[in-house]
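Right, one structure below, let's go through it.
The values are calculated or read from the model by the stated rules, or taken from the named source; none is laboratory data. Model, not experiment: these values are computed from the prediction. We place every Cβ from the backbone using ideal geometry, glycine too, and count neighbours over all the protein chains shown.
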Amino acid sequence: MSKESQNKKTANLYRAILDLKTVGEAQRFFRDLLTPEEIVEFTRRWEAAQLLNAGCTYATIVKQTGLSSRTVARISKWLCRGCGGYKLILSRQHHQVRRPSG
């Protein structure tokens, strides 16, 4: 498959995601699209991005999410120097993630 053809198919997936209207619709769509394990992994990465944005340490994030320090470092890199996707959604949602106590 050509890169152009793959890009069109990927854009089609993104448009399908944009058509979701509720959390319930998103849950159903992503459960059909992904395995439960993939959903958990995406959820952990999103949580790590929120915690990094809130100023939490890697050690805290590793402990809270179960992600490896390498994955947390990669998310931090994408948060700081990626395509801006994490920052865009974080700013839209105005996440105020509290640091875990302890």
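Below, the figures for the structure above:
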| item | result |
| --- | --- |
| Residue check for Asn7: over 21 Å from Gln93 (Cβ atoms) and modelled with pLDDT of 95 or more | no |
| The lone exception for Thr65 - which of (1) under 15 Å from the mean Cα position of the chain (by Cα); (2) outside the structural domain of Gly82 (by TED's automatic domain parsing); (3) among the hydroxyl-bearing types (Ser, Thr, Tyr) it fails | (2) |
| Test result for Tyr86, aromatic (Phe, Trp, Tyr) and either in contact with a helix residue (DSSP H, G or I) (Cβ under 9 Å, 6 or more places away or on another chain) or touching a residue at least 40 places away in the same chain (Cβ under 8 Å) (or both) | yes |
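Yes/no matrix, rows are residues, columns are (1) assigned by TED's automatic domain parsing to the domain that holds His94; (2) within 16 Å of Gln93 (Cβ to Cβ); (3) not hydrophobic (A, V, I, L, M, F, W, C):
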| residue | (1), (2), (3) |
| --- | --- |
| Leu13 | no, no, no |
| Glu47 | yes, yes, yes |
| Asn53 | yes, yes, yes |
| Ala59 | yes, no, no |
| Ser69 | yes, no, yes |
| Ser76 | yes, no, yes |
